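See below for the structure under consideration.
The values are calculated or read from the model by the stated rules, or taken from the named source; none is laboratory data. Note that this is a predicted model, so its numbers are computed, not measured. All Cβ positions, even for glycine, are placed from backbone atoms using ideal geometry, and neighbour counts span all protein chains on display. Surface accessibility is based on the protein's heavy atoms, side chains included, excluding ligands, DNA and RNA. Shrake-Rupley method; radii C 1.70, N 1.55, O 1.52, S 1.80 Å.
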Amino acid sequence: MTWSNGVSGCGTQNTCDGGRRPMSRRSFLGLVVAGTSLAPLTLAGCGGAQGSGAEPQGGAATSSDVSGRHLTFVGDDAFAPYRYLKLQQDGTQKVEGLDIAVADEMSKRLGFSYDFEAQDFAATLASVQSSDSSFTMAMSANEERTKTYDFTRGYYQPRVGVLANGDAVTSIDALKGKSIACTTGTVQNKFVTSVMPDADVHTYDGGDQCLQEVLSGRIDAYVCDGAEGQAMVKANPGLSLGLLDRAETKDYVGVYRVMALKGASFVEAFDGCIGDMIADGTIDRLIETYVGADFTWGDAAPDEMGTSTVGGSGSSN
């Protein structure tokens, strides 16, 4: 089930009242109760979101292909800490997270506006493929995807997490012999099947399903995005979270990027803007706010962020 946002104003301040919708992929179960449904709401980025005509900021990023445009950000709204619904004291819902904060900052600097439309992971890929004015975030580039989509440089370097009952699992060797849950089609799913081809892997449509399988004891471990696992542990303190060393995962799990249809005219401007935001420290400040200090780029950004795929120069990092 999908719904689209339409409330004016800053993305991290938009609210929704009415009913709730089921959490699907990568849900944050302490924020919204699973099995209910949300009424439609609308979200626009700060600055250009209300047609303010804000002047672009930042030297490297150009706005010739995006200033004044209205775009659509499609993606799961149950992917904490990147995008999630937070219940307010007045009973309304607010969409916030790292991706929303980054999109709002780009909107302000480049002078475009956007609506957020919540969709499941599989639907997100189809939506971006069918529109040259849509984009999504927290996506890794690979050879297969770059045939259809363009990507910016990375704005976030993920870690692979293992959510489990009992002791924290912090290495691939420690996963051997365990039943493993993954969200279908994610880089974590592909990582597990690549490094452990004979493992007992079970795939599910959403992170909330994987979490429930671990909570019930039917599955030993959920291999997930590390920051997502961190949010789940906070909501379910009886679980443990181990983070795999990047040396074990870097060849399989790339940096998170903004993704759009191949040839979409705004990708180059987005890429330049992200470069500016990394250089001036904005990205690290947002990562520390929404994810944690252990996940910031620090000095690693220039070497690890990769390059945009615009013009065929992309990296699969």
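Figures for the structure shown
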quantity: Prolate/oblate/rounded call for region 169-317, Cα gyration tensor, a/c under 1.5 rounded; calculated: prolate
quantity: Full-stretch length increase - D173, A293 - with 0.36 nm per residue and alpha-carbon distance subtracted; calculated: 40.5 nm
quantity: S216-S265 pseudo-label distance in nm [points 7 Å out on the Cα-to-Cβ vector]; calculated: 5.0 nm
quantity: Ranking by accessible area, most exposed first, for L71, L125 with a 1.4 Å probe; calculated: L125, L71
quantity: Computed E for V233/D65 - FRET, C-beta separation, R0 41 angstrom, nearest 0.05; calculated: 0.50
quantity: Out-of-range pairs (alpha-carbon distance over 21 Å; input K147/K190; K178/K234; K176/K234; K190/K250; K94/K234); calculated: K178/K234; K176/K234
quantity: Gain upon complete extension [E248, S194; 0.36 nm per residue less C-alpha separation]; calculated: 18.3 nm
quantity: Size of electric dipole in region 228-317: Cβ of Lys, Arg +1 and of Asp, Glu -1, about Cα centre, debye, nearest 20; calculated: 340 debye
quantity: Cross-link reach list, aspartates and glutamates versus K262, counting only Cα pairs under 16 Å and skipping chain neighbours closer than eight places; calculated: D65, D132, E143, E144, D150, D271
quantity: Region 158-226: chymotrypsin sites (Phe, Trp or Tyr not before Pro) in DSSP coil with no more than 10 other Cβ atoms inside 10 Å; calculated: none
quantity: Charge tally in the Cβ shell below 9 Å around T307, where Lys, Arg are +1 and Asp, Glu are -1, T307 excluded; calculated: 0
